[in-house]
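Working notes, beginning with the structure itself.
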Ligand code: GLC
């Protein structure tokens, strides 16, 4: 089958670095490239093959680097281009590849293209962005920004509005303009010539807008509508062009961040014939705990829906497109707090169980910095401690309209806010978790004395050592990468069980999502089979077994 074609990026484990919070080398409280360089041996020890680096380009940091003012320069706080080159060399010397974040749905409003564009109606860069006249003294349409409020900002220089699907400092680029595409492709080629190994493409499913920018459906009580700008009419055409002009010329790994992607669309973005991208991030499992106000809720994902959604993506892409596997990133709360249980009695077992459940699936697994330590959500005490523009804007919007009380909103931010993932990496139990000698730009999670890399590297039973084993296993067991997935026990209330098969090997993956013990009958074919990995003390598994809270167990047998 097509998807069984062996590729390095299918066999790889990717580690995401959020540079601002990874390691600070110069004491300014902000992580930097030399900080990353100093921790490459740590990544090597963990065993990851690829680093996805969140944006390090020049940026006024309205959205922590996702608002870029120069694609070919390094953000001052992070270092210089020479530091970048050294870091890249250091990665390559250790056999680690580097995937850069490509943020090209929008630029910063401080990017020279936008400065030109806003200066006059007949400027050659005018059509690099979306400029529209107001309608009856109001915005050109009813679209809302993903960061609250209208998606349009009035600009008095030319008495017109510009479109920004994110913050007003992130104007959307007009991909329908061939000059925009040409400039982006040439910038991408420049990075490829430097020797980088791929791109993670920020909100790439949003680059093609519906012609005429029509109003969206307005729900009762809402001030603005969803723009509907996902999987637009020309997105596949533009990505195929990008593939021809850039991607196909190098040996790259590409992953598109595709919010709103359906299975049908994913099959096009990540088509096995390689004409667009290698894989996409889909977000269906990330929306299962959403409520009336989107992510601002205390709902939790239930096992049934999680299992159903994950299984759907596993089986329906098989042979047609490749999955990306993730439970956390810099936009999501900590996976162990969200999908599991971060109470001290369960945290370690649970972090290992979630890792097993994910890494044993078909697709390329992503580890978000600190996830390999079982880092948890952070107890934020007040809005002053929050740095994220999305949370801050949502707090003001939902509390000022009276929709949500300030207390509830702080609680929701504590559960779902992006800053949970952005607190400094916990390196050791010294001041500021060893992240900086200065004042960290964001609160350090107070649990760093117990949860940190130095302690876990020494402890063979730690979450870190478990990740190390999982990652090493992937190098040995082709069935983990290429085996086909089949859900078992679809109705279990507490277990997620599935098999993977790549002849002659067959795996049985058993994950308990329960905080109590659960009995389970090992299927006859796996009775007494080899234990490949598990988070318990078990040395054999046959017949009826009693699973511990959050136990994970993987059995392997030969089919002949
Ligand atoms: C993506 C990024 C997120 C950013 C947004 C706008 O979703 O992951 O961090 O805020 O795009 O660039």
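The values are calculated or read from the model by the stated rules, or taken from the named source; none is laboratory data. These numbers were taken from a predicted model, which means no experiment stands behind them. Methodologically, a virtual Cβ is constructed for each residue, glycine included, from the backbone with ideal geometry; neighbour enumeration extends over all protein chains shown.
Selection within segment 389-402: residues that are surrounded by 19 or more Cβ atoms within 10 Å (Cβ to Cβ) and without any contact (Cβ under 8 Å) to a residue 60 or more places away in the chain. The member of this set that is nearest to residue 168 (Cα to Cα) is 391.
So that you can scan it fast, the table gives a plain yes or no per residue for (1) in contact with a helix residue (DSSP H, G or I) (Cβ under 9 Å, 6 or more places away or on another chain); (2) assigned to a helix (DSSP H, G or I):
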residue: 402; (1), (2): no, no
residue: 409; (1), (2): yes, yes
residue: 413; (1), (2): yes, yes
residue: 425; (1), (2): yes, no
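Taking segment 385-414 as the range and being more than 16 Å from the ligand (Cβ to nearest atom) and closer than 24 Å to residue 22 by Cβ as the test, the residues that pass are 385, 414. Looking across segment 147-186 at every residue that is touching a residue at least 40 places away in the same chain (Cβ under 8 Å), surrounded by fewer than 20 Cβ atoms within 10 Å (Cβ to Cβ) and closer than 22 Å to residue 396 by Cα, the one that is farthest from the ligand (Cβ to nearest atom) is identified as 149. Within segment 187-202, the residues that satisfy the criterion of being over 9 Å from residue 104 (Cβ atoms) and in contact (Cβ under 8 Å) with a residue 60 or more places away in the chain are 189, 190, 191, 192, 194, 195, 196, 197, 198, 199, 200. Note on segment 119-146: among residues that are within 16 Å of the ligand (Cβ to nearest atom) and in contact with a helix residue (DSSP H, G or I) (Cβ under 8 Å, 6 or more places away or on another chain), the one that is nearest to residue 105 (Cα to Cα) is 129.
If the requirement is being at pLDDT 95 or above, surrounded by 15 or more Cβ atoms within 10 Å (Cβ to Cβ) and more than 23 Å from residue 361 (Cα to Cα), which of these qualifies: 426, 468?
Details: 468 fails: more than 23 Å from residue 361 (Cα to Cα).
Step by step, each of 426, 468 is checked, and only 426 is at pLDDT 95 or above, surrounded by 15 or more Cβ atoms within 10 Å (Cβ to Cβ) and more than 23 Å from residue 361 (Cα to Cα).
For segment 208-252, a residue qualifies if it is within 16 Å of the ligand (Cβ to nearest atom) and farther than 26 Å from residue 135 by Cα, and the qualifying residues are 231, 235.
Looking at (1) surrounded by 17 or more Cβ atoms within 10 Å (Cβ to Cβ); (2) farther than 23 Å from residue 12 by Cβ; (3) out of contact with any strand residue (DSSP E or B) (no Cβ under 6 Å at 6 or more places or on another chain), find the lone condition where residue 216 falls short. So residue 216 meets the others, but not (3). If a residue counts only when it is touching a strand residue (DSSP E or B) at 6+ places or on another chain (Cβ under 9 Å) and in contact (Cβ under 8 Å) with a residue 40 or more places away in the chain, which helices (runs of 4 or more DSSP H) contained entirely in segment 447-526 have at least 1 such residues? Of the helices (runs of 4 or more DSSP H) lying wholly inside segment 447-526, those with at least 1 residues that are touching a strand residue (DSSP E or B) at 6+ places or on another chain (Cβ under 9 Å) and in contact (Cβ under 8 Å) with a residue 40 or more places away in the chain span 463-476, 478-482. Taken together, the criteria exclude residue 365 from residues that are closer than 20 Å to residue 452 by Cα and in contact (Cβ under 8 Å) with a residue 60 or more places away in the chain.
Residues that are more than 14 Å from the ligand (Cβ to nearest atom), under 17 Å from residue 243 (Cα atoms) and buried (at least 22 other Cβ atoms within 10 Å of the Cβ) within segment 253-296 comprise 253, 254, 266, 269, 270, 276, 277, 278, 279, listed in sequence order. Counting only strands (runs of 3 or more DSSP E) that sit completely within segment 155-261, those holding 3 or more residues that are under 21 Å from the mean Cα position of the chain (by Cα) correspond to 198-201, 253-257.
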